[in-house]
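Read through the structure below, which is laid out as structure tokens, and then see the notes.
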Amino acid sequence: IRSFFGAFGYMDIFLNSSGVPRPPARAMDTEILYRMLLVGFLILTVGWVLTLRKTDWKKYLPLHAVNGLFLFLILVLYLRFNMSYFQAQGRYVLPAIAPIAIGIGVGVCYFAKDRWKVGAVLLGAILLGVNAYALNRLPSEFETRKTEIVQLN
């Protein structure tokens, strides 16, 4: 989950406050951003699935089928790859980013109903905030690693 939502460098720069994958002392505190992103992702995914039951969305079922099939194939290939060479990293699911984004967008439309534009703006603001947070953290994290390499030499 962490590498899907935000892991940088050589999988050693994370969005949490300490910059390490799982700090032993305050794991709950530092993983809160990932947990919030995962909960939001799961809620919007449920919204995507629930649209399949709505009668006014029935005309889009073929599009949902193609979208879901592509996502399913990527997940099967990811699982197959991991059966021979274990790499539990979300970046391998990124080829499915388009169907995932479409599903999340449909989930926003499902929950926001007639105010889908407000929902889209809210989702965009959240993603922009996470992006700004990551961009704010990255320079100091990369500098720390560069300093450590220089000190080793």
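Hey, does region 105-119 have a residue that's among the hydroxyl-bearing types (S, T, Y) and open to solvent by 100 Å² or more (accessible area, probe 1.4 Å)?
no
Any residue that is surrounded by 13 or more Cβ atoms within 10 Å (Cβ to Cβ) and of a type in the set (V, I, T) - is there at least one of those in region 49-70? Before you say what the answer is, go through the steps one by one.
From region 49-70, those surrounded by 13 or more Cβ atoms within 10 Å (Cβ to Cβ) are 49-52, 57, 60, 64, 67-68, 70; that's our starting set.
Now narrow it down to the ones that are of a type in the set (V, I, T): 49, 51.
Scanning region 49-70, I find at least one residue that is surrounded by 13 or more Cβ atoms within 10 Å (Cβ to Cβ) and of a type in the set (V, I, T), so the answer is yes.
Quick one: P23 ticks every box in (1) over 14 Å from the mean Cα position of the chain (by Cα); (2) open to solvent by 50 Å² or more (accessible area, probe 1.4 Å); (3) at pLDDT below 85 bar one, so which box is it?
Condition not satisfied by P23: (2).
Only one residue in A132, A125, A101 is free of Cβ contacts under 8 Å to residues at least 12 places away in the same chain, more than 30 Å from L63 (Cα to Cα), open to solvent by 40 Å² or more (accessible area, probe 1.4 Å) and in a helix (DSSP H, G or I), so which one is that? Don't jump to the end; show me each part of the working.
On the way: A125 fails: more than 30 Å from L63 (Cα to Cα); A101 fails: more than 30 Å from L63 (Cα to Cα).
Result: A132 is the single residue among A132, A125, A101 that is free of Cβ contacts under 8 Å to residues at least 12 places away in the same chain, more than 30 Å from L63 (Cα to Cα), open to solvent by 40 Å² or more (accessible area, probe 1.4 Å) and in a helix (DSSP H, G or I).
Would you check if F86 is among the hydrophobic types (A, V, I, L, M, F, W, C), open to solvent by 100 Å² or more (accessible area, probe 1.4 Å) and at pLDDT 90 or above? Walk me through how you get there before you give the answer.
Values: among the hydrophobic types (A, V, I, L, M, F, W, C): yes; open to solvent by 100 Å² or more (accessible area, probe 1.4 Å): yes; at pLDDT 90 or above: no.
No.
Please go through region 86-119 and give me each residue that is within 21 Å of L33 (Cα to Cα) and more than 16 Å from the chain's Cα centre (by Cα), ordered by number.
Hit for region 86-119 is G119, nothing else.
Between a first residue in region 67-87 that is closer than 14 Å to I97 by Cα and a second residue that is of a type in the set (A, V, I, L, M) and part of a helix (DSSP H, G or I), which pairs have beta carbons less than 6 Å apart while being 6 or more apart in sequence or on different chains?
N67/I102; L71/A96; I74/A96; Y78/V93
When the residues of region 30-66 are filtered to those that are modelled with pLDDT of 85 or more and outside any helix (DSSP H, G or I), which remaining residue is nearest to P99 (Cα to Cα)?
L52
The values are calculated or read from the model by the stated rules, or taken from the named source; none is laboratory data. Please read all numbers here as calculations on a predicted model, not as lab measurements. In this analysis, Cβ positions are derived from the backbone assuming ideal geometry, glycine residues included, and neighbour counts consider all displayed protein chains. When the accessible area is computed, the model is the full protein with side chains, heavy atoms only, and any ligands, DNA or RNA have been set aside. Shrake-Rupley method; radii C 1.70, N 1.55, O 1.52, S 1.80 Å.
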